[in-house]
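Structure first, then comments.
Please treat every number below as a calculation from the coordinates, not as lab data. For clarity, every value in this text was computed on a predicted model and none was experimentally measured. Neighbour counts run over all protein chains shown; Cβ positions are idealised from the backbone, glycine included.
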Amino acid sequence: MSYQPLFMTFDEGKQLQQQLGQASLIGCAIDSEIQQLERYLAEVGIEIPGQGEGGGYQHNRHKQNYIHMHIAGRLFLITEERRYAEFIEQMLLGYAVKYPTLANHVSKDSNPPGRLFHQTLNENMWLMYAADAYSCIQHRLSAAQRQQIIDDLFRPMIDLFVIDHAHDFDIIHNHGVWATCGVGIAAYAIGDQATVNKAIYGLNGDGETGGFLAQLSKLFSPDGYYLEGPYYHRFALRPLVLFAEVIERRQPELKIFEHQRRMIQTTTQALMKLAFPDGTWPAINDSSKTMGVIDEGMIVAASIYCGRYGSDPQLLGLAQQQATVWVHPFGAQLSAALAANPTVDGDWGSVQLTDGANGDRGGLSILRQRDGDNTPMMALLYYGQHGSDHQLHKALDHGHYDGLALTLFNRDHETLSDYGFGRWVNVEPKFGGRYIKENDSYCKQTVAHNTLVVDQGCQHQFNTALAEANFGRSHFFVSDGDLQGMSAICNDYWPGVQQQRSVLLIRQPNCRHPLLLDLLRVTSNDAHQYDLPYHYHGQLVRTDCERSYVGGVAVLGEQHGYQHLYDVARARSADGSALVSWLHDHSYHSLITAVAADDELIFARTGANDPDFNLRSEPCIIVRRHGATELFASVIESHGYFNEALEASTEARGQVERIETVGHNEQGSVVRIHGHDWQLTVMVSNRADVTADCEHQLSFAGEIFSWRGPLALIESN
């Protein structure tokens with residue numbers, strides 16, 4: 001038989017029969033899908049509803065139908081169980097009868113409506129999975145049945161996307177990736193090469209203004225970072241790798257896995273590099289707080305990566321964390337590779353990723369260290385482009401105003417956290433499960449992130465066009481040894497205000513966990529109010545300065561996110577340094593920050609002016625200062641252990657007692673961290689021309705400080 005299914009051949013399916021009943025990752029994955037499909041067949045069977053609201057019953061039934069048709073197709077090739085093929089046959093023929101009777105959906109979204117779903121995005125997904133299922137049983141269908149499915153189901157769907165909604169088919173956006181994938185895979189399934197070409201090269205046929213190749217070249221930086229951030233990256237990655245796999249099998253002469261300097265490998269790696277130690281992804285731009293590497297797109301991508309590029313320690317570490325593989329021959333390869341290397345360490349270490357299609361629009365830096373217990377710690381500094389581009393598509397509007405935002409993950413949690421998006425995914429009673437108004441009024445605002453706010457405003461005046469025209473740049477990156485550092489500069493995010501943020505991870509013998517040193521230097525010719533928020537989770541334990549409780553329902557402001565922050569308490573310190581400690585699960589964390597006499601610590605909490613209870617109630621500490629050119633210097637220390645059940649608490653007070661700013665200018669900044677019986681003097685370069693060999697010699701308050709390179713440290717008792 002010359003015809004072969006789209007994702008795996010008949011022979012590959014038979015080879016996977018050997019994995020049935022095995023305790024391997026692939027064997028368990030096959031068994032899990034068999035159980036899932038059998039439950040669906042027993043509990044639901046053939047049910048083809050009409051239209052319904054987004055996230056509602058009909059929506060989810062159509063979604064579950066395509067998911068289970070896709071599963072049934074692959075399992076039919078593996079098990080040769082006739083019931084699985086008959087399920088697909090009845091489903092497709094039933095949809096072929098239903099689909100022509102449906103008008104466009106009445107529900108409106110930023111994406112055009114489909115007939116089954118409220119937006120074509122979901123319909124693109126349905127088409128891709130249904131077309132794959134069709135390809136697995138096509139040889140069993142009569143000529144009349146095949147023609148009915150093509151003429152009354154697949155062809156009208158393709159025409160809806162390519163003709164009726166042609167203005168959206170070529171959008172450069174995660175929706176556009178799904179559109180090209182759905183149409184292209186369906187066109188391969190029905191033998192329509194002309195439509196395949198539209199999916200690959202765009203409606204104009206140039207591979208530049210639309211189509212799969214344009215998505216590859218415009219949405220990803222040379223380092224593979226995706227414009228909208230990791231949450232949308234994992235969503236775009238699934239169709240990206242699936243369509244690529246079908247292209248490789250149908251048109252190997254295109255060498256799609258080698259295209260654009262192996263972009264598919266690069267962008268898969270990029271998403272792997274971004275993950276926190278627990279496998280979740282940082283909340284960059286509009287992002288879920290819970291999405292991680294066990295997402296289906298990452299699982300599929302890991303197996304295809306193994307099949308097309310081979311395995312490496314990082315990939316095996318990912319598969320170990322996922323604890324499953326895609327049910328596919330490539331999943332079997334990955335399963336076997338991990339079985340041969342069960343103790344692999346897949347740590348990516350410290351990395352940098354550029355942003356922008358040409359890699360010239362800022363980026364992000366990640367530092368990773370391990371503590372005395374070999375527990376991983378990760379700090380991320382973001383200074384890339386805005387994350388939205390209305391010039392590409394109106395729906396590409398997921399960017400946040402958070403240049404130089406800092407996130408810290410330690411002791412199995414975010415120590416410094418980002419709120420993420422304001423959205424109730426699939427919770428229809430909450431504004432249809434869509435983005436809530438507070439996503440704009442709080443979540444995207446600068447104060448919702450761990451970065452500087454000037455005059456209680458918002459970076460780039462909450463103007464997407466302004467934000468798109470500006471981006472940060474890396475200043476230095478030192479990724480090895482006990483002293484690691486990353487620094488970036490963002491100019492004119494606020495009119496007339498320049499910012500440099502340098503973040504260091506310091507492994508110090510007296511501290512069980514690495515210290516994070518945060519230096520944010522701001523320069524201006526004019527005086528401003530500067531607010532530097534630190535968002536955290538947990539319960540406040542102690543401060544070393546007296547707090548005054550505000551009480552009542554006071555809020556911090558009227559706009560730019562401040563209207564959603566309760567003003568809970570205020571504090572000042574006359575000692576030049578202030579300490580705040582909190583407890584989160586089993587760990588203590590302390591923020592020690594250098595303060596001037598008129599600085600204020602503001603203890604705030606989200607949830608104000610929120611009549612629909614849309615926002616989570618979470619705490620933050622804001623360091624407020626008035627000035628022009630200033631250096632904010634803070635240390636974050638994780639320490640101790642708490643177990644309520646065992647009534648155990650150790651090292652509830654950390655090793656760091658205070659921090660002082662020795663001095664700073666355009667050449668460098670010097671701070672001193674004081675411990676119980678030790679101190680660290682840390683020197684960081686502010687020079688625009690900083691290099692690994694550049695020399696510094698500064699004098700502050702009669703002390704001379706000399707060092708070579710971007711940063712240095714002196715330890716003394």
Consider the candidate values (1) 91, 54, 53; (2) 82, 68, 46; (3) 91, 81, 60; state which one is Cα extents along the principal axes in Å computed from the structure displayed.
-> (1)
At 222 nm, what helix-only mean residue ellipticity would the chain give, in deg cm²/dmol to the nearest 500, using -39500 (n - 2.57) for each DSSP H run of four or more?
-> -9000 deg cm²/dmol
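Which ordering of ILE256, ILE294 is given by a fewest-first count of other beta-carbon atoms within 10 Å? Please list the in-between numbers first.
Numbers: ILE256 22, ILE294 13.
Ascending Cβ contact count within 10 Å gives the list ILE294, ILE256.
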Once Lys and Arg get +1 and Asp and Glu get -1 on their Cβ, which of HIS62, SER142, VAL106 lies farthest toward the positive end of the dipole of the stretch 1-155?
-> VAL106
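Once you have a ≥ b ≥ c as the square roots of the Cα gyration tensor eigenvalues for the stretch 605-717, tell me rounded if a/c is under 1.5, and otherwise prolate or oblate according to whether a/b is larger than b/c.
Numbers: a/c = 2.77, a/b = 1.51, b/c = 1.84.
It is oblate, given that a/c is not under 1.5 and a/b is not larger than b/c.
Applying 1/(1 + (r/R0)^6) with R0 = 25 Å to the Cβ-Cβ distance of GLU53 and GLN563, what FRET efficiency is obtained, to the nearest 0.05? Walk me through the intermediate numbers first.
Values: r = 31 Å, r/R0 = 1.23.
According to the calculation, E is roughly 0.25.
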Once label points are set 7 Å from the Cα along Cα→Cβ at both ASN204 and SER24, what is their separation, rounded to one decimal in nm?
-> 4.8 nm
In what sequence do HIS513, HIS475 fall when counting other Cβ within 10 Å, fewest first?
-> HIS475, HIS513
Label-point separation, ASP11 to GLU660 (7 Å along Cα→Cβ), nm | 7.6 nm
Computed ³J(HN,Hα) along the stretch 173-189: with the Karplus parameters 6.51/-1.76/1.60, θ = phi - 60°, integer Hz and x for glycine or proline, the list is 4, 4, 5, x, 4, 5, 5, 5, 5, x, 5, x, 5, 5, 5, 4, 5
The chain - charge dipole about Cα centre, Lys and Arg +1 at Cβ, Asp and Glu -1, debye rounded to 20 = 1060 debye
Taking +1 at the Cβ of each Lys and Arg and -1 at the Cβ of each Asp and Glu, which of HIS674, ALA648, PRO710 sits farthest along the dipole of the stretch 609-717 towards its positive end, judged by Cα position relative to the Cα centre?
-> PRO710
Would you mind checking which residues have amide H under 5 Å from GLY363's amide H? H placed 1.01 Å from N; only 5 or more apart, or other chain.
-> ASP355, TYR383, GLY384, GLN385, GLY472
How much length, in nm to one decimal, is gained on full extension between THR101 and GLU618, taken as 0.36 nm per residue of separation minus their Cα-Cα distance?
-> 181.2 nm
Mean separation of Cα contacts under 8 Å (6+ apart) over length of the chain, as relative contact order % | 8 percent
Partners for LYS273 among aspartates and glutamates (Cα-Cα distance below 12 Å; same-chain residues under 8 apart left out) | ASP223, ASP347
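Using the Cβ atoms and a cut-off under 9 Å, what net charge is assigned to the surroundings of LYS444, where Lys and Arg are +1 and Asp and Glu are -1? Please report the intermediate quantities before stating the final value.
Details: positive: none; negative: ASP286, ASP402, ASP440.
Overall, the nearby charge balance is -3.
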Dipole of the chain [Lys/Arg +1, Asp/Glu -1 at C-beta], most positive-end residue of TYR549, ILE436, GLY363 = ILE436
Across the stretch 414-430, in residue order, what do the Karplus-derived ³J(HN,Hα) couplings come to in whole Hz, using 6.51 cos²θ - 1.76 cosθ + 1.60 with θ = phi - 60° and x for Gly and Pro?
-> 6, 7, 10, 10, 10, 5, x, 8, x, 7, 10, 4, 6, 9, 4, x, 8
Run the quick spin-label model on ALA357 and ILE294: label points 7 Å from Cα toward the beta carbon, then report their separation in nm to one decimal.
-> 3.8 nm
Express in nm, to one decimal, how much length is gained between ALA645 and TYR309 on full extension, taking 0.36 nm for each residue of separation and deducting their alpha carbon distance.
-> 116.2 nm
Those lysines that a straight Cα-Cα span of less than 25 Å connects to LYS430, excepting residues fewer than 8 apart in one chain | LYS63, LYS108, LYS289, LYS394, LYS444
Compute the length gained on full extension between ALA339 and PHE700: take 0.36 nm times their separation in residues and subtract their Cα-Cα distance, giving the result in nm to one decimal.
-> 124.1 nm
Label point at SER548 placed 7 Å out along Cα→Cβ; residues across the stretch 596-617 whose backbone nitrogen lies under 19 Å | 596-605
